[in-house]
Amino acid sequence: MGCAGFTCSKNSLCALNILYVMVSLLMIGIAAWSKCFGLVSSFQVVGGIIGVGVFLFFVALAGLIGAMKHHQVLLFFYMIILSLVFVVQFSVSSACLAINEEQQNHLLEVGWNNSLTTQRDVEKSLNCCGFSHMDINGSCAAPCFHYSTCTTCAAKIQEHAGEVLRFVGGIGLFFSFTEILGVWLTYRYRNQKDPRANPSAFL
């Protein structure tokens with residue numbers, strides 16, 4: 001029974017971390033693909049996504065190695081890091097789901113004003129100019145600008161922003177609960193004795 005429980009915990013923890021590795025590689029791949037094909041020109045956005053992906057990859061790798069070797073110290077630090085990630089992710093996901101329309105518009109405008117490259121990306125993809133007003137004497141990456149038929153981007157962004165925030169919040173909330181599962185599995189697995197090890201060894 002002890003051996004079966006130990007193996008089950010080990011396999012579950014390994015499977016969870018393999019899932020995290022796959023998600024991290026997917027994040028890095030999508031960010032790099034978007035940059036290469038010019039879908040997103042902002043280095044900060046791409047760099048941020050790749051940074052999160054790399055961080056998740058190394059955390060998952062540490063958990064995978066710790067699970068395979070039943071490494072007490074590695075599993076302890078993995079459990080602490082995963083707990084901190086859960087707190088941050090749960091808070092951000094809850095904020096995404098709870099944000100009202102006024103706060104949403106304010107955040108969108110702040111994000112718009114902070115990055116010229118993001119402005120150009122949005123104008124080009126949504127075929128609009130300016131956030132809440134269009135400067136006729138300025139420049140705009142949208143094709144409609146040459147024909148003077150552009151509308152402002154605020155309305156178009158707001159059409160999709162609520163859905164995107166709910167989607168991101170829902171996905172984040174789902175993964176935050178998998179992290180709690182990971183912490184529980186790690187704690188349980190870490191305190192189990194390896195049936196193949198020396199019975200007199202400290203585990």
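The length gained by stretching the chain between I171 and L61 to full extension, at 0.36 nm per residue less their Cα-Cα distance, is 37.4 nm. For the peptides 56-68, 95-107, 16-28, residues were scored by their other Cβ atoms within 10 Å and the scores averaged per peptide; the highest-first order is 56-68, 16-28, 95-107. Rounded to 0.05, the FRET efficiency of the V110 and S12 pair, given R0 = 45 Å and the Cβ-Cβ distance, is 0.60. Heavy-atom accessible surface of K69, to the nearest 10 Å², is about 150 Å², with a 1.4 Å probe and all protein chains retained. In this structure, the amide hydrogen of Q192, modeled 1.01 Å from its nitrogen in the peptide plane, lies closer than 5 angstrom to no residue at least 5 positions away or on a different chain. Among rounded, prolate and oblate, which fits the stretch 77-148 when a ≥ b ≥ c are the square roots of the eigenvalues of its C-alpha gyration tensor, a/c under 1.5 means rounded, and a/b larger than b/c means prolate? Prolate shape, in that a/c is at least 1.5 and a/b is the bigger ratio.
The stretch between T117 and M22 holds 31.3 nm of extra length on full extension. This uses 0.36 nm per residue minus the Cα-Cα distance. Remark: accessible surface ordering of S115, S91 (largest first) is S91, S115, probe radius 1.4 Å. Net charge in the neighbourhood of I157 (other residues with Cβ under 12 Å of its Cβ; Lys, Arg +1, Asp, Glu -1) is -4. The loop-placed chymotrypsin sites (Phe, Trp or Tyr not before Pro) in the stretch 68-128, going by DSSP, include none that has at most 12 neighbouring Cβ atoms within 10 Å of its Cβ.
The values are calculated or read from the model by the stated rules, or taken from the named source; none is laboratory data. No experiment lies behind these values; they were computed from the predicted model shown. Glycine gets a Cβ as well: all are built from the backbone with ideal geometry, and neighbour counts include every protein chain shown. These area figures cover heavy atoms from the full protein model, side chains too; ligands, DNA and RNA do not enter into them. Shrake-Rupley method; radii C 1.70, N 1.55, O 1.52, S 1.80 Å.
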